[in-house]
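Worksheet: one structure, shown below.
Each value in this text was obtained by applying a stated rule to the coordinates, not by laboratory testing. Only a predicted model underlies this, so the values are computations on that prediction, with no experimental measurement involved. All Cβ positions, glycine included, derive from the backbone under ideal geometry; neighbour counts span all protein chains shown.
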Amino acid sequence: MTTNQSGAQPGRRDDAPVFSARGLNKVYGSGETQVHALRDVDLDIWRGEFVVLLGASGSGKSTLLNILGGLDVPTSGEVRFAEHRLDGAGEAALTTYRREHVGFVFQFYNLIPSLTVRENLALVTDIAADPMPIDEAIGLVGLTPRRDHFPAQLSGGEQQRVAIARAIVKRPEVLLCDEPTGALDYTTGKLVLDVIARINAELGTTAVVITHNAAIAGMADRVLYLGDGRIQKVQVNEHKLSPAELSW
């Protein structure tokens, strides 16, 4: 099912959205070198949703995700996370927001090579307000037997699962994933998608996943198709697929 060309769906839910953006614009550079990464984006995302951002390179996906995650700020427009206003927020406020509410997973794992799996997660739990037990997070991603290994002793898929465990150990309300399977082969990528789907379903964590792989859209509640900095189309999946049912 396809809705109008906006990520906002007024009246869709009785509760307030966890993310709300109106008239979001992002411009890089100036004069003739200006690049309009986002153009008048309206967006609502609800708590517990699994949302996929789909589009070609340069469509605005990463810029939108970075603004939602407090890694970047819009040039104009309004964006909120629950009661927190993100546009116009200072760096200190955005740092606190990221630390307390957001878990990030990127294409490259960014693990510290001299630390074990448990020690990589401990870096987060040391500064988190209400972290889950480290071994619980490791168990959620299926790596309990590998918890004392170093990154170099792990496969790429295992390292990405460690990155997911590190993102969720602080109990974030949202998990923002930028091409989490981009560096992985087909089989390993599906294992990582299964972990993200389980975190979304079992913990109720809102998940927003960037991908250029259209097949992954089948596992989302909603798919936002981006192009030229705009949300071109919104697809609602009435029947979500499991990662095992995906093929590409």
If one compares the long axis through the Cα atoms of helix 91-101 with the longest principal axis of the Cα atoms of the chain, the angle in degrees, nearest 10, works out at 60
Given unit charges at Cβ for Lys, Arg (+) and Asp, Glu (-), the dipole magnitude of the chain about its Cα centre in debye, nearest 20, is 160
With +1 on the Cβ of every Lys and Arg and -1 on the Cβ of every Asp and Glu, the dipole magnitude of the range 127-248 about its Cα centre, in debye rounded to the nearest 20, is 100
Between the Cα axis of helix 156-168 and the main Cα principal axis of the chain, the angle (0 to 90°, nearest 10) is 70
Simple spin-label estimate for PHE108/SER57, 7 Å along Cα→Cβ, in nm, reads 1.5
Note: probe point = Cα of TYR186 + 7 Å toward Cβ; backbone nitrogen < 18 Å; residues of the range 222-248 passing the test are 242-248
Taking every DSSP bridge whose two residues both lie in the chain, the antiparallel percent to the nearest 5 is 55
With 0.36 nm assigned to each residue of separation and the Cα-Cα distance removed, PHE150 to SER76 gains 22.3 nm
Site ARG198, offset 7 angstrom along Cα→Cβ, radius 12 Å on amide nitrogen, limited to the range 139-161, gives 139-145, 161
Once the dipole of the range 101-167 is set up from charges on Cβ (+1 Lys and Arg, -1 Asp and Glu), the residue from the list THR116, PRO133, HIS101 lying farthest towards its positive end is THR116
Farthest towards the positive end of the dipole of the range 123-248, among TRP248, PRO151, ALA207 and with Cβ unit charges of +1 on Lys and Arg and -1 on Asp and Glu, lies the Cα of TRP248
Share of Cα-Cα pairs in the range 60-117 beyond 16 Å, whole percent, is 49
Projected onto the charge dipole of the range 13-110 (unit charges on the beta-carbon of Lys, Arg, Asp and Glu, signs +1, +1, -1, -1), the Cα from PHE19, LEU53, ALA82 with the largest positive-side position is that of LEU53
Net charge (Lys, Arg +1; Asp, Glu -1) of residues whose beta-carbon lies under 13 Å from that of GLY227, GLY227 excluded, is +3
Answer in debye to the nearest 20: the dipole magnitude of the range 54-185 about its Cα centre, from +1 Lys/Arg and -1 Asp/Glu charges placed on Cβ, is 120
